[in-house]
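S.K.: Mind looking over this structure? Questions follow.
The values are calculated or read from the model by the stated rules, or taken from the named source; none is laboratory data. Small disclaimer: the values here were computed from a predicted structure and weren't measured. So basically every Cβ, Gly included, is an ideal-geometry build from the backbone, and we count neighbours across all protein chains shown.
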Amino acid sequence: MTPPRPSNVPGTAPGSVFVGVSGASGAPYAVRLVRALGAAGARLQLSVSESGVQVLAHELELTAAGREAVTAAFLERAGATAQVFAPDDLGALPASGSSAPDAVVICPCSMSTAAHIALGASRTLMQRAADVALKEGRPLVVVPRETPLTAIHLRRLLELAEAGAVVLPAMPGFYSRPQTLQDAVDHVAGKVMSALGFAHDLFPPWDGGRA
């Protein structure tokens with residue numbers, strides 16, 4: 001039986017959200033999402049993988065060095081605060097169903113991370129947090145950013161969807177007529193916010209083509 005999926009109705013948003021940042025390309029998506037979640041009043045938990053630290057530093061052109069410094073610079077860029085956990089801290093609160101957050105988002109989600117979650121083979125805290133969300137029937141949103149996708153990738157993503165996760169690829173829409181790259185980033189972050197049940201104004205809704 002598939003666990004319940006999160007509601008998109010504003011007002012049903014989770015109070016606490018764990019955000020995992022893996023080593024996939026897509027740091028701007030993570031920044032915008034964390035900023036939006038913080039502005040919406042979510043209690044944030046954050047864990048960045050070792051490869052995620054490298055990607056954040058490169059794509060955001062951060063001068064900080066080391067996991068703690070890069071994570072702090074990332075949160076400063078996002079204008080948000082969060083309870084930060086080391087990627088290998090499998091004894092942390094998000095690793096237990098009795099103390100887990102209300103929802104989990106992996107953004108961006110590497111194919112390696114997706115595969116570990118799909119197979120139930122958790123080696124990092126973010127993988128375990130996602131596993132806990134699935135077993136407890138809580139919202140899990142994964143944001144894969146990989147192209148092209150192999151049959152192996154597609155099978156793992158299908159397994160996640162069948163287990164109850166929302167698979168939300170970083171594919172911005174263009175019906176809102178984005179004018180800048182940031183507009184496209186906002187669209188993906190807004191889709192994640194909607195999947196979690198948060199009201200937002202990150203992109204205008206479809207107007208039936210009347211604009």
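S.K.: For segment 9-40, which residues satisfy the criterion of being aliphatic (A, V, I, L, M) and either in a helix (DSSP H, G or I) or closer than 13 Å to ALA199 by Cα (or both)?
M.R.: VAL9, ALA13, ALA27, ALA30, VAL31, LEU33, VAL34, ALA36, LEU37, ALA39, ALA40, listed by residue number.
S.K.: I've got another one for you. Can you tell me how many residues in segment 76-87 are touching a residue at least 12 places away in the same chain (Cβ under 8 Å) and surrounded by fewer than 20 Cβ atoms within 10 Å (Cβ to Cβ)?
M.R.: Adding up the residues that qualify gives 6.
S.K.: Moving to a separate point now. Does segment 84-96 contain at least one residue that is more than 14 Å from the chain's Cα centre (by Cα), in a strand (DSSP E or B), more than 17 Å from ASP131 (Cα to Cα) and among the β-branched types (Val, Ile, Thr)?
M.R.: yes
S.K.: Report, by residue number, each residue of segment 123-139 that is surrounded by fewer than 24 Cβ atoms within 10 Å (Cβ to Cβ) and touching a strand residue (DSSP E or B) at 6+ places or on another chain (Cβ under 7 Å).
M.R.: Within segment 123-139, LEU134, ARG138 qualify.
S.K.: Return the residue satisfying two criteria in turn: it lies in segment 140-157 and is of a type in the set (A, V, I, L, M, F, W, C) and in contact with a strand residue (DSSP E or B) (Cβ under 8 Å, 6 or more places away or on another chain), and of such residues it is nearest to ALA103 (Cα to Cα).
M.R.: Result: LEU140.
S.K.: Would you check which residues across segment 41-69 are part of a helix (DSSP H, G or I) and surrounded by 21 or more Cβ atoms within 10 Å (Cβ to Cβ) and list them?
M.R.: Listed by number, the residues that qualify are GLY52, VAL53, VAL55, LEU56.
S.K.: Is there a residue being surrounded by fewer than 20 Cβ atoms within 10 Å (Cβ to Cβ), modelled with pLDDT under 95, out of contact with any helix residue (DSSP H, G or I) (no Cβ under 6 Å at 6 or more places or on another chain) and not in a helix (DSSP H, G or I) anywhere in segment 177-194?
M.R.: So far as segment 177-194 goes, yes, one or more of its residues are surrounded by fewer than 20 Cβ atoms within 10 Å (Cβ to Cβ), modelled with pLDDT under 95, out of contact with any helix residue (DSSP H, G or I) (no Cβ under 6 Å at 6 or more places or on another chain) and not in a helix (DSSP H, G or I).
S.K.: Ok, one more. Looking at segment 143-150, is at least one residue under 18 Å from the mean Cα position of the chain (by Cα) and assigned to a helix (DSSP H, G or I)?
M.R.: no
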